[in-house]
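Structure first, commentary second.
Nothing in this text is a laboratory measurement; each read-out follows from the coordinates by a stated rule. Please read all numbers here as calculations on a predicted model, not as lab measurements. Virtual Cβ from ideal backbone geometry, glycine too; neighbours counted across all protein chains shown.
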Amino acid sequence: MASENIPHVAFLGCGSMNEAILAGMLAGGHPKDRITATVRRAERAAELRSRHGVQGLAGSEQEDANRTAAAAADVVIVGVKPVGVKAMLEEIGSALKPGALVISVAAAVTVQMLEAALPEGQPVIRCMPNTPSKLGRGVVSLSPGTSCSQAALDEAERLLASAGTVVQVPEEQVDALSAVSGSGPAYAFYLAEAMAAAGERLGLDPQLSALLARETVAGAGAMLAEPDADAAALRRAVTSPNGTTEAAIAEFDRRGLPVIVADGAAAAAARAAQISAELREG
Ligand SMILES: NC(=O)c1ccc[n+]([C@@H]2O[C@H](COP(=O)([O-])OP(=O)(O)OC[C@H]3O[C@@H](n4cnc5c(N)ncnc54)[C@H](OP(=O)(O)O)[C@@H]3O)[C@@H](O)[C@H]2O)c1
């Protein structure tokens, strides 16, 4: 693609989530001179500049950093905390190019809230990514707003494909999706922590146990990433009848681990709905 056809992307609020997407995008070949990132603190802006070579602007040094970045952008990716999204959109609204696509990665901020805070007709997409996007192994969902054309949706999909698997979902499913893939990396890390603690309880050296747990979860994740992998089939393949793994799984089942995970995910989805309600009430 000729460089003038490559969209200029502005990451407004570039903390752990937006930096993960930014890193995935750079690894996918997006030119660094077509990326701007804004934050509040000067140290963080300097960190983004030195780590990624992109233009990093800090609100503490340049009051109109967000508006400057937004004015130059074809695609804006808003990555502030949910409570800050409305103020960010109201700040940048009049600076945006009319057709610029606004993507929000904030949990619980609905398409309706995004559209209400922006000039009428501004195309928006509600997006739910996760942090493995940093390695190009994320899951990114897209739910388009009422003024988002198919071409804009295709553009978002193309840009975000470098962060991982892109899926399109109706907005009413985003809280459920977020409870699986948005929060999900934390569940996998939690499992690794629990496995490391289990090894210690069985007498292993703590460092060795942490290494075993980490590499095992990572290795199992890599097997799951193979085409057509099926979690249940992979588990059955390493669970011999009457063997050691079967003894562990039987104990997990007896103690209701699947129900515990389902209840945890339901709590995440309910919390997202609660945050949406709080944001609506202002
Ligand atoms: N983390 C995840 O796994 C995950 C997954 C899915 C969705 N999300 C969503 O991603 C969003 C960000 O989460 P996060 O975990 O990345 O949070 P975070 O690490 O705290 O990042 C927020 C960033 O926003 C910047 N910021 C705040 N106000 C700003 C303003 N007015 N102008 C410019 N920059 C501003 C902060 O700058 P400073 O660093 O200078 O303070 C910080 O870099 C949230 O809405 C969350 O719901 C996160």
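For the chain, set up a Gaussian network in which alpha carbons nearer than 10 Å are linked by springs, and say which option among Val259, Val166, Val78 fluctuates the most.
Residue with maximal mean-square fluctuation among Val259, Val166, Val78: Val259.
Enumerate lysine pairs in the chain that are 8 or more residues apart or on different chains, then count those whose Cα atoms are under 23 Å apart.
4
Out of residues 5 or more away from Val102 or on other chains, whose amide H comes under 5 Å of its own, with H placed 1.01 Å from N in the peptide plane?
Val76, Val124, Ile125
Find out how many positive minus negative residues lie around Leu114, taking Lys and Arg as positive, Asp and Glu as negative, among other residues whose Cβ is under 12 Å from that of Leu114.
So the environment of Leu114 carries a net charge of -1.
Could you work out the local net charge near Ser149, counting Lys and Arg as +1, Asp and Glu as -1, over the other residues with Cβ closer than 15 Å to its Cβ?
Residues near Ser149 contribute -3 overall.
So how compact is region 173-226: Cα radius of gyration and Dmax in angstrom?
Computed over the Cα atoms of region 173-226, radius of gyration and Dmax are 13.5, 44 Å.
Can you compute 3J(HN,Hα) from phi for each residue in region 64-79, using the Karplus curve 6.51 cos²θ - 1.76 cosθ + 1.60 with θ = phi - 60°, rounded to whole Hz and x for Gly and Pro?
9, 4, 5, 5, 4, 5, 5, 5, 8, 8, 8, 9, 10, 10, 8, x
Would you grab the residues whose amide H sits under 5 Å from the one on Val167? Only those 5+ places off in sequence or on another chain, please, with H modelled 1.01 Å from N.
For Val167, whose amide H was placed from the backbone, the distant partners under 5 Å are Val140, Ser141, Leu142.
For the chain, set up a GNM with springs between Cα atoms under 10 Å and report which of Glu172, Glu226, Glu157 has the largest fluctuation.
So, out of Glu172, Glu226, Glu157, the one fluctuating most is Glu226.
State, as an integer percentage, the relative contact order of the chain based on alpha-carbon contacts under 8 Å between residues 6 or more apart.
14
With a 10 Å cut-off between alpha carbons and a GNM built on the chain, which of Gly79, Gly243, Gly15 moves the most?
Gly243
Compute the acute angle (0 to 90°) between the alpha-carbon long axis of helix 257-281 and the principal axis of greatest extent of the alpha-carbon atoms of the chain; round to the nearest 10°.
Helix 257-281 sits roughly 20 degrees off the main axis of the chain.
Quick one: helix 42-52 against the long Cα principal axis of the chain, what's the angle to the nearest 10°, folded into 0 to 90?
70
Taking the 0 to 90 degree range and rounding to the nearest ten, how far is the long axis of helix 82-92 tilted relative to the main principal axis of the chain, both from C-alpha atoms?
Compared with the principal axis, the helix lies near 20 degrees.
In sequence order, what are the phi-derived ³J(HN,Hα) couplings for region 6-16 according to the Karplus relation 6.51 cos²θ - 1.76 cosθ + 1.60 with θ = phi - 60°, rounded to whole Hz, with x for glycine and proline?
7, x, 7, 10, 10, 8, 9, x, 10, x, 5
Just to confirm my numbers, what's the Cα centroid distance between region 1-64 and region 78-157 in Å?
About 16 Å separates the Cα centre of region 1-64 from the one of region 78-157.
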